[in-house]
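One structure is given here, and the rest of the page talks about it.
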Amino acid sequence: MSQKNSDMPETQGEIGNNSGITWQEQVGLSAKTPIGLFGIGLTTVCFTLTVLGLLGHVTGLIENHYAAIVTFLVFPAGMIFGLLLIPLAYLMRRKKWFKHSLTSQNVTIDFSQSRHRKGVILFLVLSLVNLVVFSFVIYEAYHFTESDFFCGAVCHTVMDPEYTAYQRSSHAKVGCVSCHIGSGAEWYVKAKLSGLRQVKAAIDGSYSRPIPAPVEHLRPAQDTCEQCHWPEKFHGKKIKQFVSYTNDDQENPEIQDIVLHIGGRNPLTDTFEGIHWHVSSDVKVEYESLDETRTSIGRIKVTKPSGVTEEYSIDNGDSAEGGETQWRTMDCVDCHNRPTHVYDDLEEKIDFGLYSRKLDQQIPGLREDSLTVLQKEYTSRQEAQEQIVESLLSLQAERNGADYVAENEQKIISSGRYLLEAYLGNVWPKMKVTWGTYKGHNGHQNEDDGYGCFRCHDEEHSTEFGKTISQSCDLCHEEPE
Ligand code: HEC
Ligand code: HEC
Ligand code: HEC
Ligand code: HEC
Ligand code: HEC
């Protein structure tokens, strides 16, 4: 061994002439080049940081989500990159230094030499440690990529609307993945593949703005909603109160109590009835959507417990001209399409403000000015933040005079703040998400745009015997006064 050591060339000049060194020494020498040294350094540093990050994460000492991104993505990537630099350094030097030195005889591992033994053991031990650390990283990274934080915040701009709307919904504690991604390997691969596409889209900016609804591949409702809510459970009625004002009278609301027949199994007759009849276990309602947004509905098929099927269609029957039609079995999401990503209706939000006194009813013309301020287009959320309160003040100055504004400045400002909050909860200019971008199907407020119950309950879809799907007001709720 000592003999070999003395053979070992010390400088590049000598290496060039030397052809007797072994491959192990070549590897060792390559490691000592700038690239090799950098690789070793990078690997060591990233490795240490990954291990520390992992420890912090597993013990709960580090809870910062961004630290998780660094621990599971950045450091391991650095580690792999560093490791790859070592063979690269070897390859780069090989031509220059060792072109003639490798022969089949000296590429051997000789266990009788302690140097070789040590080298091999070191290699195996380091590989094992790497393997263990990497398994941990992969395991933790898997869980991390399933977290709501990852879904909602990593692609921050893209998902900000959905994440914000989600956080204020009844489902803020239900994981994104429990509605969007099924369990099991097949879904995981599906989700991660489309995830990769989405990450690419997020990087090169090719994603759609706004992100289109409905989501094609939502998990079936039996696997999601029905884990927590089940159709059997619905019964009786639910009273919902609707409060509205007009620009002419922003002090006296019109209040309507709508008594909804939410239905379910009637304990007396043991049959399903009411609104949740569509999803009861013994009927199947299928429909053919004529467009991607499911706002235009062609034929509708109802399969009853007896096995009898009824089919409704529109008389002049232009079922899906040319284009492909999609049959879909009705489930929760066909009515509750916004159970989680809840956006407000502009007027409802303003009327709620007036009703809850967050908008001061005493300020003359406030309802109208609020509509103007919120309907105005701002180029960014930042700009809205700077302008909303100011523009309310100036609209009020035009309407009520500068003296009025000076006297009531605080009141107007605090109403302005409510408007700003409303704006920030609903509008994202960058994502082209604004008031009314995402509409709900669960009623008939947006019927003009093709949303809601009246897609089918239109008295126009009929069976061959002329039976239609009823729009009579007391079918779904008691007749409003
Ligand atoms: C309780 C179930 C549920 C949960 C939890 C949930 N979503 Fe959704 N999500 C839906 C449904 C249903 C739609 C389809 C909306 C439609 O068809 O109009 C949807 C639609 C979307 C869309 C398409 C754009 C849109 O608003 O329609 C995105 C993006 C999205 N969700 C992201 C997320 C993210 C990110 C999370 C977690 C922060 C999450 N979702 C949590 C049910 C859920
Ligand atoms: C992990 C359990 C869970 C899942 C999955 C779930 N929900 Fe919920 N849901 C809840 C809880 C908890 C509430 C809140 C009840 C309350 O506020 O009284 C709720 C409330 C609701 C409400 C009434 C409140 C509101 O926001 O209007 C509706 C409607 C609803 N969920 C529909 C759905 C639909 C549709 C799905 C599937 C896309 C779904 N849920 C999936 C647990 C769940
Ligand atoms: C035909 C449309 C329709 C379908 C399909 C539908 N719902 Fe509903 N659901 C409604 C309406 C309308 C209401 C009452 C209005 C409201 O609560 O916003 C309601 C109310 C609810 C509520 C609140 C009940 C309460 O007492 O507050 C829950 C939870 C719910 N639905 C869950 C589901 C689930 C889960 C499914 C699928 C198995 C489903 N719905 C299918 C229309 C529907
Ligand atoms: C995809 C088509 C479709 C949509 C959308 C739809 N319905 Fe229906 N609905 C039907 C059909 C079909 C029937 C059965 C008509 C019959 O047999 O007379 C029905 C029946 C009903 C019934 C009577 C159930 C009974 O037998 O007691 C109620 C109540 C009802 N729907 C409420 C709603 C409400 C509320 C919405 C919107 C939130 C809605 N429907 C949306 C197709 C639809
Ligand atoms: C197919 C079922 C269905 C039919 C038929 C129906 N409604 Fe409704 N209606 C609903 C549902 C569901 C809601 C609750 C919407 C919500 O929760 O936001 C509602 C809410 C309302 C509201 C309060 C919301 C608003 O827009 O101010 C009024 C008013 C109303 N309905 C009037 C009527 C009248 C009038 C008729 C008869 C022409 C009628 N409805 C027929 C399902 C129906």
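The values are calculated or read from the model by the stated rules, or taken from the named source; none is laboratory data. These numbers were taken from a predicted model, which means no experiment stands behind them. All Cβ positions, even for glycine, are placed from backbone atoms using ideal geometry, and neighbour counts span all protein chains on display. Please note that ligands, DNA and RNA were not included when accessible areas were found on the heavy atoms of the full protein model with its side chains. Shrake-Rupley method; radii C 1.70, N 1.55, O 1.52, S 1.80 Å.
Listed by first and then second residue, the pairs linking a residue in the stretch 296-313 that is over 18 Å from residue 334 (Cβ atoms) and part of a loop (DSSP other than H, G, I, E, B) to a residue that is near ligand 4 (Cβ under 10 Å from one of its atoms) and of a type outside the set (Asp, Glu), with Cβ atoms under 8 Å apart and 6 or more places separating them unless they lie on different chains, are 304/283; 305/283. Of all residues in the stretch 337-362, exactly one satisfies the criterion of being aliphatic (A, V, I, L, M) and under 15 Å from the mean Cα position of the chain (by Cα), namely 342.
Restricting attention to the stretch 429-473, which residues are within 8 Å of ligand 5 (Cβ to nearest atom), more than 21 Å from residue 298 (Cβ to Cβ) and not hydrophobic (A, V, I, L, M, F, W, C)? Those that are within 8 Å of ligand 5 (Cβ to nearest atom), more than 21 Å from residue 298 (Cβ to Cβ) and not hydrophobic (A, V, I, L, M, F, W, C): 440, 442, 443, 445, 472. Among the residues of the stretch 124-144, the one identified as open to solvent by 30 Å² or more (accessible area, probe 1.4 Å) and under 16 Å from residue 174 (Cα atoms) is 143.
For the criterion of being open to solvent by 10 Å² or more (accessible area, probe 1.4 Å) and away from ligand 4 (no atom under 16 Å from the Cβ), residue 328 fails. Note on the stretch 262-272: residues that are in contact with a strand residue (DSSP E or B) (Cβ under 6 Å, 6 or more places away or on another chain) and away from ligand 5 (no atom under 12 Å from the Cβ) amount to 3. Considering 342, 389, the condition of being touching a residue at least 24 places away in the same chain (Cβ under 8 Å) and either within 30 Å of residue 294 (Cα to Cα) or of a type in the set (Gly, Ala, Ser) (or both) is satisfied by 342 alone.
I'd like the residue in the stretch 241-256 that is assigned to a strand (DSSP E or B), without any contact (Cβ under 8 Å) to a residue 24 or more places away in the chain and exposed (fewer than 13 other Cβ atoms within 10 Å of the Cβ) and, out of all such residues, is nearest to ligand 1 (Cβ to nearest atom). Step by step, filter the stretch 241-256, then rank; the result is 241.
Just one of the listed residues (259, 308) is within 15 Å of ligand 5 (Cβ to nearest atom), hydrophobic (A, V, I, L, M, F, W, C) and over 29 Å from residue 162 (Cα atoms), namely 259. Within the stretch 424-432, not a single residue is modelled with pLDDT of 95 or more and of a type in the set (D, E, K, R). Of all the criteria given as (1) of a type outside the set (A, V, I, L, M); (2) open to solvent by 80 Å² or more (accessible area, probe 1.4 Å); (3) at pLDDT 85 or above; (4) over 21 Å from residue 438 (Cα atoms), the one not satisfied by residue 226 is (2). The numbered conditions (1) in a loop (DSSP other than H, G, I, E, B); (2) in the same structural domain as residue 297 (by TED's automatic domain parsing); (3) at pLDDT 80 or above are all true for residue 270 except (3). Quick check, is residue 378 open to solvent by less than 50 Å² (accessible area, probe 1.4 Å) and not in a helix (DSSP H, G or I)? Judged against the criteria, residue 378 is a match.
Filtering 338, 399, 367 for residues that are assigned to a helix (DSSP H, G or I), surrounded by fewer than 20 Cβ atoms within 10 Å (Cβ to Cβ) and either basic (Lys, Arg) or at positive phi (or both) leaves a single hit, 399.
Residue 449 satisfies every condition listed in (1) within 11 Å of ligand 4 (Cβ to nearest atom); (2) in contact (Cβ under 8 Å) with a residue 12 or more places away in the chain; (3) open to solvent by 30 Å² or more (accessible area, probe 1.4 Å) except (1). Of the residues screened, residue 220 is one that is under 30 Å from residue 147 (Cα atoms) and open to solvent by 50 Å² or more (accessible area, probe 1.4 Å).
Scanning the stretch 35-79 for residues that are under 28 Å from the mean Cα position of the chain (by Cα), surrounded by fewer than 18 Cβ atoms within 10 Å (Cβ to Cβ) and closer than 27 Å to residue 90 by Cα yields 73, 74, 77.
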